[in-house]
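Heads up, the thing below is written out as structure tokens.
The values are calculated or read from the model by the stated rules, or taken from the named source; none is laboratory data. Bear in mind that the values here come from a model prediction, so they are computed numbers and not experimental data. Quick reminder, even Gly has a Cβ in these numbers, built from the backbone with ideal geometry, and neighbours come from all protein chains shown. Areas reflect the complete protein model, heavy atoms only, side chains present, ligands, DNA and RNA absent. Shrake-Rupley method; radii C 1.70, N 1.55, O 1.52, S 1.80 Å.
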Amino acid sequence: MGITRRDFFKLSAAGSASLMAGEALASDGAQTALNPNSLGVLVDTVACIGCRKCEWACNDANALPTQDLKAFEDKSVFARHRRPDAGAYTVVNQFSDPRDPSKKYSMKIQCMHCNRPACASACIVGALQKTPEGPVVYDAWKCIGCRYCMVACPFQIPAYEYDNALNPQVRKCTFCATRLSQEGKKPACVAICPNEALTFGKREDLLIAAHSRINASPEKYVDHVYGETEAGGTGWLYLAGADFNNTELPKLTATVIPNLTETIQHGVFKSFVPPLALYGLLGLIMHSLRAEKNGKEESRHE
Amino acid sequence: MNNTEAPAVMPVKYFSRGTKVLFGIALVGMAAYVYRLLFGIGAATNLDDQYPWGIWIAIDVASGVALAAGGFTTAALAEIFHKEKYHVIVRPALLTAMLGYTFVVIGLLADLGRYYNVWHPMLPSMWQGNSVLFEVGMCVMVYLSVLYIEFLPIVVERFKGRVNLPGPLHVFNRLFESVLTISDAFLSRFIFLFIIAGVVLSCLHQSSLGTLMVIAPTKMHPLWYTSISPLLFLLSAIAVGFPMVIFESILASRSFKLKPELPVLSSIARYTPVLLGVYLALKIGDLTIREAWPYVFEGSVQSYMYAIELLLGVVAPIVLLSMSRVRNSVKGLFVSASLVIFGVALNRINVFLVAYKPLYPVKTYFPSIFEILVTVGLISMLVLVYRFVVVNFPVITVPNGHVLNAAVQPERTSVVNINRIVR
Ligand code: SF4
Ligand code: SF4
């Protein structure tokens with residue numbers, strides 16, 4: 001994959017240092033490990049009590065349409081599985097343990113802040129970027145509104161402001177990136193969680209913590225940290241008391257999604273050689289056949 | 001009449017009954033387009049967070065690009081491989097491509113939430129070499145410019161030595177004349193560079209369109225999810241190029257009461273079964289290797305659509321066009337060409353819509369009336385502009401010895417004729 005770094009687009013983009021940083025991270029794949037300090041959150045659905053305070057805190061922190069904190073105590077919303085949308089970056093859903101349907105687990109859903117985000121790889125203008133700190137952030141100013149990111153996301157997270165005619169934006173959890181840049185601040189949802197179902201920290205540390213929780217009480221958890229390998233690894237990780245297949249988290253392999261297209265893409269454009277070779281070849285054919293034709297015409301005239 | 005064949009302006013009235021109907025449809029389409037701009041995508045379409053792409057992408061953009069492929073395949077055949085007899089179809093194919101891509105962009109703008117940022121991919125600070133869409137966008141943008149440059153000689157031919165601007169504007173006659181002379185000198189020497197570039201750019205983005213959905217492995221139906229999708233897209237685009245030329249040429253000759261260029265058309269039709277055959281072999285081989293045959297018989301909408309796409313759109317035209325009787329009849333050619341066009345368009349619709357299975361669907365997507373009106377309106381508008389151009393520029397070649405309908409003199413044609421500014 002080393003050669004892909006020399007690919008034309010990136011060479012030409014050398015002028016823009018910030019973009020280079022973003023792309024180097026995005027294109028080097030498995031070889032370049034994630035920044036070891038990259039942040040994440042561990043969601044423990046066994047510890048989660050489904051209070052929905054995180055929903056309120058998120059709406060509040062991101063100036064999303066909201067209600068009193070009290071209104072979020074309403075449990076009737078659990079009747080169906082909700083999805084995050086343009087007006088709510090996170091929602092809490094409930095699912096039951098198939099072995100014991102009376103046992104309910106609550107699961108908070110939001111952007112997973114993938115290690116190798118498909119949305120960022122897809123984005124035509126780099127409006128979505130994986131920051132070295134961990135959050136996958138969106139720059140509305142760049143965005144052209146093509147919604148390819150929505151097609152690409154394996155968790156189907158990005159939502160769109162379809163009802164905004166002039167200034168629609170892609171909407172998804174920001175990992176409170178601006179809050180995190182302030183010293184000592186946690187994401188709003190983590191800060192409000194009363195039961196420590198959400199743990200914020202370096203992804204590497206969270207993985208260790210997750211496995212030790214499983215080891216400490218194997219009767220409470222399934223032996224699977226969702227997001228450790230899924231889609232090449234995600235910044236947000238999940239623990240559950242029952243098989244993840246019963247949750248709305250999609251079943252995914254460890255395939256790094258962007259690699260699927262980027263290998264094709266960078267193969268075709270390897271240092272811009274294949275297109276130029278095709279150009280040269282066609283030029284050669286054009287030239288030699290023209291000479292041949294002219295020769296024929298001359299002999300006809302004689 | 002001259003004995004050597006040369007493209008000529010079509011001496012017909014611009015307005016016919018058909019054109020008026022198309023104007024009506026185009027106007028309604030334009031109104032729907034304006035509605036989208038004023039009230040947003042949410043109000044105008046049935047798209048939602050589950051289905052971010054609808055027919056504007058699948059038909060206006062993806063099928064549009066594929067069906068405009070005649071431009072580059074014909075250019076390659078006639079200009080690069082110097083098959084002289086095909087020169088008569090170069091200009092119509094070029095015009096189709098030029099207008100086709102123009103309307104692809106207009107259609108795309110309707111779908112872009114922030115259409116006013118459409119130029120952003122050109123800014124080096126926003127280049128994103130990992131994005132397939134970035135490559136498609138750049139290639140389409142550059143190719144569109146190349147197509148306009150390739151069309152310039154036709155404009156030059158029309159106006160050189162004949163510029164006669166109306167009224168006070170005539171002081172600019174000399175200036176325009178010299179601009180035309182310079183472009184003529186430049187173009188006749190360097191146009192070949194653009195012709196080759198057009199072919200390379202086409203190969204690049206036709207295939208990359210096929211790479212787009214490879215990023216969504218979990219949302220695509222296995223019948224269409226394959227990593228050779230870019231190759232399949234490229235091959236089918238090449239295969240649909242000539243049928244598109246045939247289709248149009250027959251329609252144009254009927255509309256302008258010309259004799260169809262049967263020898264040329266039957267001759268290019270020979271390539272089609274071969275190209276489609278390779279495409280079919282790859283499709284079937286790929287299906288076999290991926291062990292995806294069971295999905296063909298699973299009885300879902302997807303499996304039926306796949307069967308229709310392959311049997312009607314690929315197998316049938318291969319069989320038909322392998323018969324010389326079919327290739328040598330106007331009707332046979334027209335039917336077979338239509339089938340190929342249908343097959344490739346359906347393939348694009350299948351890949352971008354039918355195969356797309358959102359993870360959390362609430363309802364299935366079906367285009368809204370506004371989406372349909374915009375799409376149909378854009379197609380009508382394309383036909384109208386096409387007619388305008390061939391009535392005013394030498395695009396279509398009149399077959400040897402054919403007498404043009406003398407009843408309609410060019411000077412007497414309607415206002416939609418630019419003869420006033422030509423001496
Ligand atoms: S979950 Fe989706 S939106 Fe979030 S980073 Fe991953 S690919 Fe992007
Ligand atoms: S909608 Fe915006 S953020 Fe999403 S891929 Fe397109 S340009 Fe990028």
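Among the residues of the stretch B:246-265, those identified as open to solvent by 10 Å² or more (accessible area, probe 1.4 Å) and closer than 17 Å to B:Thr73 by Cβ are B:Phe247, B:Glu248, B:Ser249, B:Glu261, B:Val264. Of all residues in the stretch B:266-294, which are aromatic (Phe, Trp, Tyr) and open to solvent by 50 Å² or more (accessible area, probe 1.4 Å)? Selection gives B:Tyr271, B:Trp293.
Tell me, please, whether a residue that is open to solvent by 30 Å² or more (accessible area, probe 1.4 Å), part of a helix (DSSP H, G or I) and either farther than 28 Å from B:Ile57 by Cα or free of Cβ contacts under 8 Å to residues at least 12 places away in the same chain (or both) can be found in the stretch B:137-150. Looking for residues that are open to solvent by 30 Å² or more (accessible area, probe 1.4 Å), part of a helix (DSSP H, G or I) and either farther than 28 Å from B:Ile57 by Cα or free of Cβ contacts under 8 Å to residues at least 12 places away in the same chain (or both), one finds at least one in the stretch B:137-150, hence yes. State all residues of the stretch B:41-59 that are in contact (Cβ under 8 Å) with a residue 40 or more places away in the chain and open to solvent by less than 20 Å² (accessible area, probe 1.4 Å); if no residue qualifies, say none. Once the filter is applied, which keeps residues that are in contact (Cβ under 8 Å) with a residue 40 or more places away in the chain and open to solvent by less than 20 Å² (accessible area, probe 1.4 Å), the stretch B:41-59 yields B:Ile41, B:Ala44, B:Thr45, B:Leu47, B:Gln50, B:Trp53, B:Gly54, B:Ile55, B:Trp56, B:Ile57, B:Ala58. Taken over the stretch B:196-214, the criterion of being under 19 Å from B:Ala76 (Cβ atoms) and more than 8 Å from every other protein chain (Cβ to nearest Cβ) is satisfied by B:Gly198, B:Leu201, B:Ser202, B:His205, B:Gln206, B:Leu209. One residue is enough: does the stretch A:148-156 have a residue meeting the conditions within 15 Å of ligand 2 (Cβ to nearest atom), over 26 Å from A:Lys251 (Cα atoms) and within 14 Å of chain B (Cβ to nearest Cβ)? No, because not a single residue in the stretch A:148-156 is within 15 Å of ligand 2 (Cβ to nearest atom), over 26 Å from A:Lys251 (Cα atoms) and within 14 Å of chain B (Cβ to nearest Cβ).
So how many residues does the stretch B:205-219 have that are closer than 19 Å to A:Pro154 by Cα and either aromatic (Phe, Trp, Tyr) or open to solvent by less than 10 Å² (accessible area, probe 1.4 Å) (or both)?
Pass one, the stretch B:205-219, residues closer than 19 Å to A:Pro154 by Cα: B:210-219.
Then drop every residue that is not either aromatic (Phe, Trp, Tyr) or open to solvent by less than 10 Å² (accessible area, probe 1.4 Å) (or both), which leaves B:210-216, B:219.
Number of matching residues: 8.
Restricting attention to the stretch A:164-173 and to residues that are more than 9 Å from ligand 2 (Cβ to nearest atom) and touching a residue at least 40 places away in the same chain (Cβ under 8 Å), the residue that is surrounded by the fewest Cβ atoms within 10 Å (Cβ to Cβ) turns out to be A:Arg171.
Residue-wise test of (1) of a type in the set (Lys, Arg); (2) within 25 Å of A:Arg83 (Cα to Cα).
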site: A:Val136; (1), (2): no, yes
site: A:Pro154; (1), (2): no, yes
site: A:Tyr162; (1), (2): no, yes
site: A:Ala165; (1), (2): no, yes
site: A:Phe175; (1), (2): no, yes
site: A:Gln182; (1), (2): no, no
site: A:Lys202; (1), (2): yes, no
site: A:Ala216; (1), (2): no, no
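Is at least one residue of the stretch A:111-118 under 28 Å from B:Trp119 (Cα atoms), within 16 Å of ligand 1 (Cβ to nearest atom) and at the interface with another protein chain (Cβ under 8 Å from one of its Cβ atoms)? Checking the stretch A:111-118: at least one residue is under 28 Å from B:Trp119 (Cα atoms), within 16 Å of ligand 1 (Cβ to nearest atom) and at the interface with another protein chain (Cβ under 8 Å from one of its Cβ atoms).
Being of a type in the set (Gly, Ala, Ser) and open to solvent by less than 20 Å² (accessible area, probe 1.4 Å) narrows it down to one of B:Ser368, B:Ser300, B:Ser322, B:Ser329, so name that one. If you could, list the steps in order and put the result at the bottom.
Working: B:Ser300 fails: open to solvent by less than 20 Å² (accessible area, probe 1.4 Å); B:Ser322 fails: open to solvent by less than 20 Å² (accessible area, probe 1.4 Å); B:Ser329 fails: open to solvent by less than 20 Å² (accessible area, probe 1.4 Å).
Answer to the selection: B:Ser368.
Can you give me the number of residues within the stretch A:141-150 that are farther than 17 Å from A:Asp85 by Cβ and within 16 Å of ligand 1 (Cβ to nearest atom)? Spell out the reasoning first.
Within the stretch A:141-150, the first condition is being farther than 17 Å from A:Asp85 by Cβ, and the residues that meet it are A:141-144, A:146, A:148.
Going one step further and asking which of them are within 16 Å of ligand 1 (Cβ to nearest atom), we end up with A:142-143, A:146, A:148.
Number satisfying all stated conditions: 4.
Is it the case that the stretch A:88-107 has a residue that's on the phi > 0 side of the Ramachandran plot and either away from ligand 2 (no atom under 15 Å from the Cβ) or at pLDDT 95 or above (or both)? No, every residue in the stretch A:88-107 fails to be on the phi > 0 side of the Ramachandran plot and either away from ligand 2 (no atom under 15 Å from the Cβ) or at pLDDT 95 or above (or both). One residue alone among B:Leu311, B:Leu353 is of a type outside the set (Ser, Thr, Tyr), in a helix (DSSP H, G or I) and more than 29 Å from B:Ile268 (Cβ to Cβ), and that residue is B:Leu353. Please determine whether any residue of the stretch A:137-146 is in the same structural domain as A:Glu248 (by the TED database), more than 8 Å from ligand 2 (Cβ to nearest atom) and touching a residue at least 40 places away in the same chain (Cβ under 8 Å). Within the stretch A:137-146, one or more residues are in the same structural domain as A:Glu248 (by the TED database), more than 8 Å from ligand 2 (Cβ to nearest atom) and touching a residue at least 40 places away in the same chain (Cβ under 8 Å).
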